[in-house]
Every structure is written in structure tokens, then in C-alpha cells.
Amino acid sequence: MKKKRLATARSYVGLFTSIMLASALRLHAQPAPPTVKDSNLELRLVVSEPQIVTPVGMTIDPRGRLFVIESHTHFPKADYTGPKHDVIKLFTDSNNDGVPDQPRVFAEGFRAAMNLALSPGGELFLVHRAGVVVLHDKNRDGQSESQTTILELESTADYPHNGLDALLFGPDGLLYVSLGDNLGADYTFKGSDGVVIRGGRGEGKIFRCRADGSGLEEIATGFWNPFGLEFDRAGRLFCVDNDPGGRPPCRLLHVIPHGDYGYKRAYDDLHPFNGWDGELPGTLPMMAGTGEAPCGILDTDRLALPRGYQGALLVASWGDHTIELYRPQPHGASFKAKKEILVQGESRLNEAFVPVALAHAPDGSLYISDWADRSSYPVHSKGRIWRLAAKPGVAVERLKANQPTLKLTAEEKRFQTLLGASSLKQLGELKSALASADPFTRSAATTTLAKDAFRADVLKLSNDANPQVRLGALLALRRAQTKDALSLLRRALTDADERVRFFAMLWAAEGGFKALTNDLDQALAVNPSPGLFDAYLAAAELLTAEPLPEGAKKTTVSARDRLVTRILHDDAQPAVLRAMAAATVANPNVPRTADRLLALAQSRDPVVRIEAVRTLANCTNRAVGATLLSVARDASNPAELRAEAIVSLARRAPEQLAQLIGLLNDREPIVQLETARALRLVATEPAVQTALRARLAKERNTPLAEQLTLALQPSNTANRPTTPAAWHKALAQDGDPASGRRVFSHPLVNCSKCHVAQGRGAMVGPDLSNVARSFDRAKLIDAILDPSREVAPQYQQHIVETKSGVTYTAVLVHFGLEGTLTLNAVDAGRVRVRGSDVASDQTSTQSLMPAGLENALTVQDFRDLLSFLLTLK
């Protein structure tokens with residue numbers, strides 16, 4: 001008997017040793033940990049696959065038990081061998097060494113599970129795309145025996161992570177829940193007590209309710225994908241919001257009651273009625289721009305860290321492989337902050353560190369869930385959990401349970417006073433707040449003035465001498481759904497202040513005031529800016545738009561196009577309007593429009609001429625080539641205009657480029673350069689080769705010489721960078737943004753074939769009009785050298801073949817009823833393919849942007865292109 005027990009004990013020891021050895025080997029095989037910027041902190045890998053794979057939401061209870069969502073339903077591939085549903089795993093740390101023991105399944109059976117939160121009473125709440133459930137463990141055995149659904153989201157949209165996203169209990173004991181843009185689809189959000197909130201138009205929201213799901217109400221609007229929520233010790237609510245492709249960067253937001261943060265998926269990303277950083281009247285700016293795809297956010301006051309970290313916020317950037325630190329600095333009634341990197345993963349080595357959730361342990365350490373493979377957007381077999389803490393012996397600061405809350409700033413106290421105002425005696429203070437330079441103060445005043453008690457006085461304020469007061473009054477009256485809207489808007493369209501006129505058009509369009517369609521012209525009467533012109537066109541289009549049946553093709557000219565055509569042909573219109581119209585022509589191949597553009601290309605006004613010349617690049621009229629040649633050759637024309645004419649000619653008529661040979665010796669350097677670049681398209685022609693060699697013989701070590709050399713020897717890599725590191729070094733210096741703009745649209749590079757910048761180009765890939773807000777020089781270089789390295793899911797390449805034999809290379813815009821595909825296709829633009837017409841729809845991990853683009857660029861071209869892109873803010 002004793003020998004049997006000894007043998008059994010030995011078998012257990014052997015098993016334990018095998019497990020520990022396998023674990024040690026597994027951990028040893030993992031890539032090196034990310035770099036921690038503070039030498040007083042250490043990052044330790046505490047859990048790895050197969051114990052955890054694709055971890056997302058995470059929380060830790062007061063007993064130190066770690067609850068983690070293991071995602072298995074986020075775009076699983078056809079051959080995925082994992083579970084069919086998401087799992088909540090529970091890890092305990094029996095010896096308190098910070099390394100969790102073997103996990104057990106706490107609950108399972110979920111789809112698109114996102115985040116976890118513990119209630120003040122210790123119950124675990126889970127948010128998934130379509131609802132919120134309470135996971136009961138009444139006997140506290142580490143396994144949920146039942147669950148209660150307290151909130152339900154009903155919608156036809158089912159994209160995993162733009163439904164319900166995050167949840168968190170606030171200091172008021174209420175549950176806060178965030179909702180993404182829901183693909184712009186209508187939805188019904190139901191509370192446990194029968195309260196129903198309906199929405200649509202793609203406005204992400206933050207709601208709150210009681211812990212049982214009753215009393216559901218909206219708190220704030222205008223988000224895209226608010227995946228993380230956090231309260232600080234003063235009770236302030238913060239949020240991290242992903243960006244919708246064309247509106248970088250992602251945002252760190254201070255969320256206030258009734259705040260509007262601007263975004264609506266119902267519009268294109270850069271639509272004039274879509275906001276991202278407080279651009280629109282009544283909307284609020286970001287506190288800071290974050291790294292790509294922020295998911296987790298945590299107040300550092302929950303942690304035990306060395307001195308200097310108190311009162312800050314940590315953010316997990318999934319796409320930039322970083323843990324970022326933000327120190328809020330008072331700014332009006334809100335805050336601003338600058339990004340500091342606390343933990344940096346090495347994205348060039350297997351892209352190993354992809355942080356998602358942040359959770360604080362009872363000992364004050366930080367736990368980080370790690371998706372572990374940025375190159376694999378679908379679920380996979382990798383996953384890690386890291387623990388960040390002070391190194392042994394390092395002194396830390398830790399708030400005590402009875403630590404007083406943070407004090408509000410004077411501006412925040414004023415904000416709360418304004419928000420709670422209810423007496424007409426406070427009207428003067430509210431009026432003063434409307435004229436404040438601080439948008440958060442203005443927001444509080446607008447919210448309060450929308451109350452019934454102030455209605456008559458706000459109508460009077462809409463006539464105030466101060467344009468900011470007039471604008472604020474209109475915002476309040478719109479929120480109050482005033483019955484006087486039509487007369488108010490008719491007057492506001494003629495207001496002396498452009499911001500008032502802009503908002504009047506926005507309100508008229510979104511409110512569907514068709515009676516004002518013919519009044520919109522009044523808004524352009526005084527010094528219109530390009531932004532106001534875009535708003536004018538957008539408002540007209542919304543007021544006259546009729547919904548198309550599913551799969552139907554637009555057969556009539558839109559109101560927007562009619563307005564552009566009318567202005568283009570009206571010589572009585574100011575030159576600035578005709579230039580804007582020339583830049584926004586939808587179809588330059590309409591005969592009457594083409595003729596007009598040809599005439600404008602020869603007009604006297606230089607602003608009108610240059611926009612007409614740029615638009616003629618897309619015109620097939622036979623006379624265009626001769627006109628562009630004439631403009632390019634005429635030495636009396638401005639050099640920039642001539643250079644633009646050469647680029648437009650290269651884009652539409654390569655067969656005519658040999659006629660530019662003489663311009664290689666033009667007196668204007670930019671004309672010489674653009675001519676050499678254009679002639680590269682026909683460099684194999686003997687006459688062109690002879691001219692290029694002759695010009696090169698006179699040129700040494702200049703951008704023109706580099707251009708001529710590449711034209712004659714396109715495969716010669718001598719004196720050119722051949723590695724990413726060499727390119728980064730060569731591209732450290734600035735270039736010429738104006739030249740870079742021409743490189744962007746040149747057929748040798750073809751950026752504009754898939755990207756829009758400053759209103760020109762094709763909307764296939766991301767709109768780059770604001771790209772410099774989130775991409776610095778280094779990131780732009782990497783994106784061009786290796787375009788497939790990071791492809792956002794919404795820009796995944798689709799190769800769609802129809803039964804009639806047509807193939808589209810495109811990105812998927814929408815998957816509609818009965819399988820109808822709406823695509824942004826290369827060379828074809830926006831197309832719809834009925835489900836019954838689809839022969840195949842294949843996806844690719846490769847970017848639509850081709851690799852090897854640098855081979856078409858001289859080093860100076862590349863510098864110039866970067867300089868242009870870095871102006872796009």
C-alpha cells in the first residue's frame with residue numbers, strides 16, 4: 001500500500017514537472033517582452049497560449065481572481081478549430097505570486113463578447129454585441145450557474161465590434177454602456193423595465209441604467225467605436241474611440257452629459273456634416289489623439305506605481321502595439337493631454353504585442369490582455385496576458401480606500417452650475433457662456449437653454465449682435481425641436497457670420513426642410529469658403545434626395561451635380577465659386593461640362609484655370625489634349641499651372657507626351673521636372689530616349705538628373721536605397737509639398753486611383769485628407785514600403801467575379817439584403833452587385849495598394865510625396 005502511494009505521488013510529481021517544464025519552454029519560446037520605458041517597472045508574461053487565446057475583455061475581483069473573455073467568434077476562418085462560441089475563463093493565483101494558475105471555464109456560449117465589469121456587489125456583467133447579461137455565481141464556486149439578460153440590442157447589423165462595446169459601473173452605482181456606429185443601421189435598445197430607445201444614422205452612443213437594466217437613458221452621442229470607458233476619482237467619464245478610417249487619429253474623449261462628439265456613419269468620413277474634433281457647431285473636441293485602435297483605458301490611481309503617475313490615464317493601443325500614458329491638463333471645463341509611451345511592442349518582429357484590455361489587481365499591479373498577432377485580424381490560436389508592476393524594492397504610491405476624491409477645477413464647477421441652471425435669473429450667465437471660447441462651457445449652456453423655461457428668451461437671443469450667441473441660440477432651439485425652425489433658418493441662411501450660415505444649412509438638411517431648398521443660395525452670397533461650399537452642396541443633395549430601391553441604379557443627375565454645373569457655367573458667379581465648382585465636377589465627360597472646363601482652362605483667372613486643368617485629367621474629350629499641351633507650352637502662364645497641365649496630360653493622353661520634349665530645357669525648373677517625370681511613361685520611344693540622354697548630359701546631382709536617370713535606367717538601383725532602414729535615412733529631410741501633390745496624382749504612382757486627398761481622387765482605400773493627424777513620417781514610409789503589413793478590416797481586398805464575367809477588385813462597403821454587395825472598386829468607383837449575380841467573392845490579406853511603389857519614385861519624389869501627405873491635417 002505504501003509503495004502504491006509512493007508511485008502515485010511520483011506520478012503526480014512527474015506530471016507536475018512535465019507541465020511546468022512545458023510551460024517554461026512555451027514561455028521561453030515567446031518573443032522578447034515589449035520595452036518598458038520606465039526602468040522602475042517590469043513587464044512579466046504570466047499567461048500564454050494554450051491557456052488563453054485571443055483574449056479581449058478582462059477584469060479582476062477583490063479576491064484577485066482574473067476573468068477573461070476568450071474570443072472565438074470574431075471572424076473565425078473556415079478552418080478554425082476552436083470553440084464555436086466565446087468563453088469566459090477564470091484564473092486564480094493560489095500562491096499570490098502574480099502568476100495565475102490553470103484556468104477553468106466560468107461561462108460560455110456567447111457570440112461577439114466584448115467586455116466585462118464587476119458590479120459594486122461583486123457580480124460579473126458581460127457585454128456582447130447585442131446585449132448585456134449578468135453571470136450569476138451564487139455559490140461562489142467559480143462557475144456561473146445562470147445568467148440574466150438586462151439589456152437587448154435588436155438590429156439587422158451584426159458586425160462584431162460596432163454594436164455594444166464597453167460597460168463600467170460608475171461612482172453613482174449606475175451601469176454605463178457604449179454602443180458603436182452599428183454600421184448605420186436602425187436599432188432598438190431595450191431595458192429590463194420596458195424602456196425602449198430607438199436610433200440609427202450611425203451615431204455611436206453612451207447610455208446608463210441601473211444594475212438591473214431599468215431606467216435606461218442616453219448620456220452622449222457622436223462616437224464611432226467607443227470600446228473603452230473609465231471614471232477617475234473625481235467622477236469624470238473618459239472614453240477611447242476608434243477612428244473611421246478617413247478621420248484619424250483615434251480619440252481620447254472626456255465625456256460630459258448631453259455631449260455631442262460629432263461622428264455619424266450615415267455620412268462619408270469627410271462629409272461636411274461629419275465631425276471628429278469639434279469642427280461642427282455644437283460638437284466637442286478630443287482630449288488627445290491616441291494610437292491606432294485604442295481598446296482599453298484605466299485610471300492610474302487604481303494602481304500601485306512609483307511617484308509621478310498619479311492622476312493619469314493608461315490606454316492600450318491595439319494597432320500601435322503600445323500602452324500609452326496621458327496626463328490630463330485643465331483646458332476650459334475639460335482637459336488636454338499629450339501621448340507618452342509607457343510600453344512599446346516591437347511591431348516589426350512578428351507584431352507580437354497587441355494589447356486590448358487593462359485591469360487592476362488588488363495589489364495594484366496592471367494586467368494586460370494581448371491579442372498577440374496583429375497580422376491576423378480573425379481569431380487564432382495565440383494569446384497572452386502580461387503583468388506590469390514596480391520592480392521589487394521600488395517605492396510606490398497607492399491611494400487608500402478613504403482617499404478624498406479629486407477636486408473639480410473652477411471651470412468644471414461653472415460647467416455644473418450652467419448645466420443645472422433652471423431660473424431666468426441665470427439667463428445672463430448662460431448667454432455669456434454661449435460666447436465662451438470653451439466648447440464644453442458652450443455645450444452646457446446650450447443644453448440648459450433647450451429647456452422649456454428658456455424658450456421665449458432663446459428666440460430673442462437668436463437675433464443677438466454677437467454671432468456666437470446667435471449660433472448657440474440656434475443650437476439650443478434645434479435641440480428643443482422648436483416650432484419656429486423654418487423662419488429661423490430662412491433668416492440664418494443670410495446671416496453675416498459663416499458659422500451661422502453653415503449650421504443653418506446643416507439643420508435645414510438634416511431636418512428635411514425642403515421648403516428651404518431654394519434659399520440655400522443665400523448662404524454663399526458673402527465670402528464663401530470651400531467648407532461652406534461643400535456644406536451648400538451637401539445640404540442641397542440631402543434636401544432633394546430620393547431613396548433608391550435595393551439594387552437600382554441612379555439615372556438622374558443629383559441636385560449636387562446640377563448646382564455645380566450651374567455655377568460652373570455662370571460667369572456672373574465669383575471666381576472663387578467657379579474654381580470650387582471646377583474642383584468638384586462629378587463627371588467632366590458630359591459634353592457641355594467638358595466644353596466649359598476647356599474654356600475655363602484658358603480663362604484669365606489663375607485660380608479657376610488651375611482647378612479646370614486638374615479636372616480635365618479625367619475628361620475624354622478629344623480637344624483636351626491639345627488644350628493641355630497649349631497651356632503647358634505657353635511660357636507666359638504661371639509655372640505651377642503649366643506643371644499641372646503636364647500631369648493632367650500624362651494621366652489622360654500618354655500618346656501626346658513626346659510633344660513635350662522641348663520643355664526639358666524650359667526656363668522653369670518645375671516644368672523641366674514634370675516633363676521628365678511625364679516622359680518616363682514613353683521613355684522607350686527612340687526620340688524620347690535621345691532627348692533624355694542629351695538633357696542628362698547637362699545635369700548632375702539634382703532632382704532632375706535623378707528623374708532622367710530613372711527614366712533611362714528604371715531597374716538600376718545604384719545610389720538608391722534598397723532596404724527599409726536605408727529608405728528611412730534617405731527620407732529624413734523635407735521635400736516640396738506642391739511637387740508631392742503632383743506625384744500623388746501622377747499615373748506613375750497612382751495614389752489618387754484609390755485615395756482621396758483634399759477632395760480629389762477615388763474613394764476606394766482610406767481618404768487621406770487628414771492622414772497626418774495619425775501618421776508621422778516614419779509610419780507613412782512604412783505604409784508605402786510595406787502596404788500589406790497593416791490592412792484595416794474595412795479595407796480588406798475583395799475580388800468579386802460576376803456571372804457575366806466582370807471582375808472587381810474592391811473594398812466591401814456594405815453587404816445588403818439578399819447578398820447584394822456594394823463595392824468601392826478600382827477603376828469602377830461605387831458599384832452594386834446583386835447577390836444573384838455574384839459568381840464568387842474572395843478576400844485577400846494583401847492590400848489593394850501594390851507593393852514596390854518606391855520603385856516608381858525617385859528619392860526626391862518620395863520626399864516630396866511625404867511632405868505633401870504631412871500637410872494633410
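The values are calculated or read from the model by the stated rules, or taken from the named source; none is laboratory data. Remember, predicted model here, so these are calculated numbers, not experimental data. Neighbour counts are summed over all protein chains in view; Cβ atoms, including those assigned to glycine, are modelled from backbone coordinates with ideal geometry. Quick note on the areas: whole protein, heavy atoms, side chains included, nothing else; ligands and nucleic acids left out. Shrake-Rupley method; radii C 1.70, N 1.55, O 1.52, S 1.80 Å.
To the nearest ten degrees, helix 639-652 and the longest principal axis of the Cα atoms of the chain are 80 degrees apart. Note on the stretch 527-665: the C-alpha convex hull projects to 9.9 nm² when averaged across all orientations.
Grab the beta carbon distance between Ser432 and Gln310, set R0 = 45 Å, and tell me the FRET efficiency rounded to 0.05. Please list the in-between numbers first.
Details: r = 35 Å, r/R0 = 0.77.
My answer for the efficiency is 0.85.
For the residue pairs Lys37/Lys338; Lys336/Lys460; Lys84/Lys205; Lys413/Lys483; Lys338/Lys873, alpha carbon separations beyond 26 Å are given by Lys336/Lys460; Lys84/Lys205; Lys413/Lys483.
Expected output is a single nm value to one decimal: the length gained when fully extending between Thr702 and Arg201, i.e. 0.36 nm times separation in residues minus the C-alpha distance. What is it? Write down the numbers at each step before the final one.
Working: separation 501, 0.36 × 501 = 180.36 nm, distance 5.28 nm.
Difference between extended and current length: 175.1 nm.
Axis of helix 623-633 versus longest Cα principal axis of the chain: the two differ by about 90°, to the nearest ten degrees. Using a simple spin-label model with pseudo-atoms 7 Å out from Cα toward Cβ, Leu748 and Thr35 lie 3.6 nm apart. Taking each residue as 0.36 nm, the span from Ala515 to Ser422 lengthens on full extension beyond its C-alpha to C-alpha distance by 30.0 nm.
The phi-based Karplus calculation (6.51 cos²θ - 1.76 cosθ + 1.60; θ = phi - 60°) puts the 3J(HN,Hα) values of the stretch 270-287 at 9, 4, x, 9, 10, x, 9, 9, x, 5, 8, x, x, 9, 10, x, 6, 6 Hz, whole numbers, x for Gly and Pro. Carbon and sulfur: what percent of the chain's accessible surface (1.4 Å probe)? Of the solvent-accessible surface of the chain, carbon and sulfur hold 52 percent.
For the chain, what is the mean residue ellipticity at 222 nm derived from helices alone (per DSSP H run of n ≥ 4: -39500 (n - 2.57); sum divided by total residues; nearest 500 deg cm²/dmol)?
Values: 22 runs with 246 residues, N = 873.
Theoretical 222 nm ellipticity from helices: -8500 deg cm²/dmol.
With the cut-off at under 19 Å, measuring from each backbone N in the stretch 353-367 to a point 7 Å along the Cα-to-Cβ line of Lys400 picks out 363-364. Simple rule: put +1 on each Lys or Arg Cβ and -1 on each Asp or Glu Cβ in the chain, find the dipole, and look at Cys754, Leu712, Thr807; the Cα lying farthest toward the positive end is Leu712.
Between Gly228 and Val240, the built amide H atoms are under 5 Å apart, and every one of these is 5 or more places off in sequence or on another chain. From the alpha carbon centroid of the stretch 632-692 to that of the stretch 162-200 is 58 Å.
Whole-Hz Karplus values for the stretch 710-725 come out as 5, 5, 7, 9, x, 9, 7, 9, 4, 6, 10, x, 10, 10, x, 4 Hz, taken residue by residue from phi with 6.51 cos²θ - 1.76 cosθ + 1.60 and θ = phi - 60°; glycine and proline positions read x. For the stretch 54-168, the gyration tensor built on C-alpha atoms gives an oblate shape. Its axis ratio a/c (a ≥ b ≥ c) is at least 1.5, and a/b is not larger than b/c. Net charge dipole, the stretch 709-780: roughly 40 debye, given to the nearest 20, about the Cα centre with Cβ charges of +1 for Lys and Arg and -1 for Asp and Glu. Any idea of Thr35's accessible area? Nearest 10 Å², probe 1.4 Å. Accessible area of Thr35: about 80 Å². Once divided by 2.2 N^0.38 Å, the Cα radius of gyration of the chain becomes 1.04. Here Lys729 is the anchor, and the lysines within straight C-alpha reach of less than 21 Å, apart from those fewer than 8 places off in the same chain, are Lys779.
Straight-line cross-link partners of Lys514 among the aspartates and glutamates, defined as a Cα under 13 Å from its Cα and at least 8 positions apart when in the same chain: Glu541, Glu546.
Share of pairwise Cα-Cα distances greater than 19 Å in the stretch 434-547 is 44 percent (whole percent).
Calculate, in nm to one decimal, what Ala725 and Glu346 gain on full extension: separation in residues at 0.36 nm each, minus their alpha carbon distance.
Numbers: separation 379, 0.36 × 379 = 136.44 nm, distance 1.52 nm.
Full extension from Ala725 to Glu346 adds 134.9 nm.
Loop-located trypsin sites (Lys or Arg not before Pro) in the stretch 442-551 (DSSP state other than H, G, I, E, B) with a sparse environment of at most 12 neighbouring Cβ atoms within 10 Å: Lys483.
Once the C-beta distance of Ser788 and Ser487 is scaled by a Förster radius of 51 Å, the resulting FRET efficiency is 0.35 to the nearest 0.05.
Here is the list for the stretch 690-778: trypsin sites (Lys or Arg not before Pro) lying in DSSP coil, each with at most 15 other C-beta atoms within 10 angstrom of its C-beta, are Lys698, Arg700. Within straight-line reach of Lys77, meaning a Cα separation under 26 Å, sit the following lysines at least 8 residues removed in sequence or on another chain: Lys89, Lys382, Lys803. The modelled label-to-label distance for the pair Asp734/Thr822, using points 7 Å beyond Cα in the direction of Cβ, is 4.1 nm.
Accessible surface area normalised per residue over the chain is 44 Å², counting heavy atoms of protein chains with a 1.4 Å rolling probe.
3J(HN,Hα) along the stretch 302-312, derived from phi through the Karplus expression 6.51 cos²θ - 1.76 cosθ + 1.60 where θ = phi - 60°, amounts to 7, 10, 9, 10, x, 4, x, 9, 5, x, 10 Hz, with x in place of Gly and Pro.
Classify the stretch 138-271 from the C-alpha gyration tensor, please: rounded if a/c falls under 1.5, else prolate or oblate depending on whether a/b exceeds b/c.
Working: a/c = 1.80, a/b = 1.41, b/c = 1.28.
Note, shape of the stretch 138-271 comes out prolate.
Using only the alpha-carbon atoms, how far is helix 530-544 inclined from the longest principal axis of the chain? Give it as 0 to 90 degrees, nearest 10. In the chain, helix 530-544 runs at an angle near 80 degrees to the longest axis.
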